[in-house]
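Note sheet for the following structure.
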Amino acid sequence: MKVQESAENYLEAILMIGQRKGTVRSIDIVNELSFSKPSVSVAMKNLRENGYIRMDNDGHITLTDAGMEIAQKIYERHTLLTDWLVALGVDEQTAAKDACRMEHVISSQTFDKIKQHVSKNKPN
């Protein structure tokens, strides 16, 4: 099933916040992505209904296995593409911004080839 780019961004944000803080609540996502509370609330409802997240009675958000799989894939793409662009000479801020757009549209085949190229050409 193809997941929309916005859902991928939310899932990646949940993963990153969880790694930093240990727990994730909607307000953390609001602050991370600079979106409105109502927008995040609607997105969390959609992610929950589609089986990508769970939310407990205290509002703590966790990724399901399906949500974690997508989040990790997008996060790996983001970090590798950012690092690759920086290595090519792009400034870090631009590289991160460009990687954020590229991570959603690049094919698995192209990403795998970039990943192979990066690992093959990594300095020891």
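Coordinate-derived values only; no laboratory data. All values derive from a computational prediction rather than experimental measurement. Glycine gets a Cβ as well: all are built from the backbone with ideal geometry, and neighbour counts include every protein chain shown.
Tabulated data for the structure shown
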read-out: Cross-chain or 6+ apart pairs with Cβ under 9 Å, the range 63-89 first and among the acidic types (Asp, Glu), then surrounded by fewer than 19 Cβ atoms within 10 Å (Cβ to Cβ); value: Glu76/Phe111; Glu76/Lys115; Asp83/Val118
read-out: Residue in the range 79-88 that is within 13 Å of Met16 (Cα to Cα) and either in a helix (DSSP H, G or I) or out of contact with any Leu (no Cβ under 6 Å at 6 or more places or on another chain) (or both) present; value: yes
read-out: Top-ranked residue of the range 1-58 - restricted to ones that are under 18 Å from Arg77 (Cα atoms) and outside any helix (DSSP H, G or I), ranked as farthest from the chain's Cα centre (by Cα); value: Lys2
read-out: Single residue of Val30, Val90, Val40 found to be touching a Ser or Thr at 6+ places or on another chain (Cβ under 6 Å) and farther than 16 Å from Val3 by Cα; value: Val40
